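The values are calculated or read from the model by the stated rules, or taken from the named source; none is laboratory data. In this text the structure is predicted, and so the values were computed from the model without any measurement. Positions of Cβ are generated from backbone atoms using ideal geometry, with glycine treated the same way; all protein chains shown enter the neighbour counts.
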Amino acid sequence: MQLSVVIVSYNVRHFLEQCLLSVARAVEGMDAEVWVVDNNSADGSVEMVRQRFPWVQVIANQDNPGFSVANNQALRRSAGKYHLLLNPDTVVQEDTFHQCYAFAESRPDLGGLGVKMIDGSGRFLPESKRGLPTPWVAFTKAFGLSRLFPTSARFNTYHLGYLDEDAVHRVDVLAGAFMWLRASALETVGLLDEAFFMYGEDIDLSYRITKGGYHNYYFPGTRILHYKGESTKRGSLNYVRVFYQAMVIFARKHYSGSRASLLVWMMQLAIYVRAIATVGYHLWSRLRFPVLDAAGIYVGLIILKRTWAAYHFNDPGYFPDYVNRIHFPAYTLLWTASIFLGGGYDRPYDYGRLLRSLAIGTLMLLSVYGLLPEDLRPSRALLVLGASWAVGWTLLLRAGARIISRQPIGSGGDTRLVIVGGVAETERTLSLLQRVGAKGHFIGRVRPGGRNEAVTESHTDDIGSADRLVALAHLYRVEEIIFCSADLDIGDIQRWMSELGPDLQYRILPEKSRSIIGSHRPDQRGTLYTIDVHLRIDDPVYRRGKWLFDRTLALALLLTLPITVWPVIDKRNYLFNLLRVLIGRRSWVGYHPEDPDARLLPAIRPGVIYPGIAIGVDDAPAIHHLNVLYARDYRVTDDWQLVLRYYRYLGNGGND
């Protein structure tokens with residue numbers, strides 16, 4: 001057997017599906033086997049692989065033993081002359097395996113091989129080739145010098161940035177996302193070290209391969225697409241801790257004396273430095289708009305107060321000082337709170353949502369203002385002027401943020417979209433986009449070429465053929481492209497992404513799939529455009545509304561307990577449920593508890609009541625369908641209606 005492909009998966013079902021579709025093309029004409037080792041995913045990955053790819057050999061673990069252990073499980077049972085460790089968030093070209101096999105056969109000294117990787121925006125991924133993490137190399141990586149001097153041989157040995165990315169090189173370290181390994185070399189140096197749970201195992205194995213007398217090669221003769229970090233959030237504190245702890249394990253294993261101590265000390269220091277930087281970055285990412293909104297609104301109100309007083313009353317000091325201390329902080333807090341509750345910070349560039357939120361906040365302010373005593377109402381005109389300033393400032397701030405981040409100014413959803421594919425796949429894409437409620441201005445269809453000429457029949461939305469895609473994208477000022485991979489070669493998709501550059505957004509619709517996958521930020525996880533069902537309950541705005549509904553109702557029922565308790569069947573447990581909902585252990589409405597597939601839906605608190613509680617449904621598919629409908633179409637009014645209808649069951653024991 002020529003090749004054994006091993007893919008370790010954990011909760012990346014849709015990415016795994018796309019990966020296996022590309023692998024199926026790449027193994028054509030080869031004697032190969034494919035293994036998927038699932039580390040106890042909760043997203044139906046195992047079921048999907050067994051149903052859609054019956055030729056794949058599956059190992060379904062009942063826990064998560066880690067990346068190294070899972071790979072070794074399959075490697076011990078693999079029979080190929082070469083073994084490929086492949087991430088599930090990758091897409092390989094049709095010729096990738098053939099090219100790698102031919103290159104490896106021509107280099108008897110080859111122990112391992114890595115290929116050129118690009119991210120979801122077509123950018124070259126520097127981790128395609130790496131150097132050994134000596135103390136100096138680790139220092140330049142941990143403290144950002146490698147990023148500041150990306151092509152320096154002195155400061156970027158970690159990513160070997162001084163080596164041509166389009167030339168073959170011997171390298172120290174292969175990337176774990178794609179490790180092509182000679183089986184006989186593994187027999188000599190051993191399998192992955194299971195002391196590494198995740199990260200570092202690729203560095204360790206690459207180093208042992210070179211110590212065993214073999215060489216590792218970087219081979220740019222083929223490319224793969226790698227959606228970075230799908231199995232873990234690369235920007236998280238957990239990533240920082242696990243990655244640098246892996247470097248500590250490597251240092252203690254392979255270095256000795258002062259060299260090992262220095263590297264360990266540096267890695268431990270790096271953990272704290274990067275952790276602080278990560279926390280700061282995430283805080284700023286989450287709070288930059290609320291903080292800047294509040295600061296700008298408050299300062300603007302003070303300026304407006306003096307300007308209006310000078311203009312209307314001819315006295316800049318006309319208004320009392322307590323307005324600055326009481327009224328303006330209250331105005332600012334209510335306006336920013338209304339943006340938060342309306343989802344304006346979840347989708348900061350959704351200007352319609354922003355304006356609606358500010359309008360609601362202003363109406364609330366005017367209502368409260370009218371109830372205040374006369375001596376506490378400084379000026380209704382000042383409030384209205386302040387509302388106008390709040391609108392202007394928040395819009396200006398977001399427009400500036402878009403310019404700085406080089407994003408197109410607009411609504412944030414109505415992007416100029418083209419679809420590259422045959423008529424049938426284009427219509428399927430549009431249908432899926434319509435079902436999910438995705439916004440976009442559809443420019444037209446680009447006819448595919450090469451792989452599937454039979455589907456290039458004329459269509460009213462045709463704007464040209466794929467061989468002119470770059471020119472068409474510039475001509476129509478395209479902002480997003482969806483590729484239908486059933487009609488296209490993966491190699492062509494990757495080439496177009498690289499030629500068009502990272503300013504566009506790219507997504508791929510895999511063959512016979514119900515998900516569209518893409519990634520635009522190189523420093524973040526790949527993004528999944530799930531089309532199976534658009535679950536409204538997963539929207540932060542609706543989740544926040546559910547949270548407020550639960551606690552508001554629980555508090556109201558608790559305050560009126562002597563009256564509201566009488567219709568409830570189980571009165572004793574009703575009191576406990578009030579307390580459980582108040583402290584966040586339960587929700588008034590949740591999923592049907594007898595649904596075995598509820599784990600595939602967004603997690604919510606166990607419900608006191610649930611859809612179908614009084615109907616007695618015992619058919620598993622029907623129960624799951626009830627839960628899906630509840631999650632897909634969720635509104636707070638649904639919870640209210642269910643509570644009213646099944647009020648007598650609010651003492652239900654349920655499941656905590």
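Quick check on my filter: what residues within the stretch 71-100 are hydroxyl-bearing (Ser, Thr, Tyr), in contact with a Lys or Arg (Cβ under 9 Å, 6 or more places away or on another chain) and over 19 Å from Lys129 (Cα atoms)? Before the answer, list the steps.
Within the stretch 71-100, the subset hydroxyl-bearing (Ser, Thr, Tyr) is 78, 82, 90, 96.
Then keep just the ones that are in contact with a Lys or Arg (Cβ under 9 Å, 6 or more places away or on another chain); that gives 82, 96.
Passing the criteria: only Tyr82.
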Search the stretch 163-222 for residues being within 31 Å of the chain's Cα centre (by Cα) and among the small types (Gly, Ala, Ser), and hand back the single one that is farthest from Thr96 (Cα to Cα). Ala195
Could you say whether any residue in the stretch 316-339 is crowded, with 17+ Cβ neighbours inside 10 Å and more than 18 Å from Trp389 (Cα to Cα)? yes
So Trp566 clears everything in (1) touching a residue at least 12 places away in the same chain (Cβ under 8 Å); (2) in a loop (DSSP other than H, G, I, E, B) except one condition, right? Which one? (1)
Taking the stretch 213-227 as the region of interest, how many residues are over 13 Å from Leu181 (Cα atoms) and surrounded by fewer than 18 Cβ atoms within 10 Å (Cβ to Cβ)? 2
Got a number for residues in the stretch 550-574 being crowded, with 16+ Cβ neighbours inside 10 Å and closer than 13 Å to Ile609 by Cβ? 5
Checking Asn71, Asn64 in turn, the sole residue that is of a type outside the set (Gly, Ala, Ser), within 26 Å of the chain's Cα centre (by Cα) and in a loop (DSSP other than H, G, I, E, B) turns out to be Asn64
Inside the stretch 437-468, the number of residues satisfying the requirement of being part of a helix (DSSP H, G or I), surrounded by fewer than 17 Cβ atoms within 10 Å (Cβ to Cβ), at pLDDT below 90 and of a type outside the set (Asp, Glu) is 1
Considering only residues that are among the charged types (D, E, K, R) and in a strand (DSSP E or B), look in the stretch 14-61 and name the one that is farthest from the chain's Cα centre (by Cα). Glu33
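Per-residue answers, yes or no, for (1) more than 29 Å from the chain's Cα centre (by Cα); (2) more than 30 Å from Glu47 (Cα to Cα):
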residue	(1), (2)
Val568	yes, yes
Asn573	yes, yes
Leu579	yes, yes
Ala603	no, no
Val608	yes, yes
Val636	no, yes
Arg645	yes, yes
Those residues of the stretch 364-403 that are more than 21 Å from Val323 (Cβ to Cβ) and modelled with pLDDT of 85 or more come to a total of 8
Please list, ordered by first then second residue, the pairs with beta carbon atoms under 8 Å, 6 or more apart or interchain, first in the stretch 83-94 and under 19 Å from Ile508 (Cα atoms), second small (Gly, Ala, Ser) and in a strand (DSSP E or B). Pro88/Ser9
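When the residues of the stretch 610-632 are filtered to those that are more than 28 Å from the chain's Cα centre (by Cα) and closer than 24 Å to Pro540 by Cβ, which remaining residue is modelled with the lowest pLDDT? Before the answer, list the steps.
Restricting attention to the stretch 610-632, the residues satisfying the condition of being more than 28 Å from the chain's Cα centre (by Cα) are 610-623.
After this cut, where a residue has to be closer than 24 Å to Pro540 by Cβ as well, the list is 610-611.
Numbers: Tyr610: 91, Pro611: 88.
Per the criteria, the residue is Pro611.
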Checked the stretch 173-195 for anything of a type in the set (Asp, Glu) and at pLDDT 90 or above; matches are Glu187
Tabulated pairs, the stretch 117-136, first over 17 Å from Ile517 (Cα atoms) and touching a residue at least 24 places away in the same chain (Cβ under 8 Å), second in a loop (DSSP other than H, G, I, E, B) and among the β-branched types (Val, Ile, Thr), C-beta under 6 angstrom, 6+ apart or interchain: Gly131/Thr157
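For the stretch 370-388, which positions are in a helix (DSSP H, G or I) and surrounded by fewer than 17 Cβ atoms within 10 Å (Cβ to Cβ)? Lay out the reasoning, then the answer.
Start the filter on the stretch 370-388 by keeping residues that are in a helix (DSSP H, G or I), which leaves 370-371, 374-376, 380-388.
Scanning the stretch 370-388 gives Gly370, Leu371, Glu374, Asp375, Leu376, Arg380, Ala381, Val384, Ser388.
If you go through the stretch 469-500, how many residues are among the hydroxyl-bearing types (Ser, Thr, Tyr) and buried (at least 21 other Cβ atoms within 10 Å of the Cβ)? Before the answer, list the steps.
Taking the stretch 469-500 and keeping what is among the hydroxyl-bearing types (Ser, Thr, Tyr), we get 476, 485, 498.
This time we only want the ones that are buried (at least 21 other Cβ atoms within 10 Å of the Cβ), so: 485.
Residues that pass the stated criteria total 1.
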Quick one: Gly176 ticks every box in (1) free of Cβ contacts under 8 Å to residues at least 40 places away in the same chain; (2) in contact with an Asp or Glu (Cβ under 7 Å, 6 or more places away or on another chain) except a single one, so which number is it? (1)
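So, Ala359, is that one surrounded by 19 or more Cβ atoms within 10 Å (Cβ to Cβ) and at pLDDT 90 or above or not?
Values: surrounded by 19 or more Cβ atoms within 10 Å (Cβ to Cβ): no; at pLDDT 90 or above: yes.
No: the conditions fail for Ala359.
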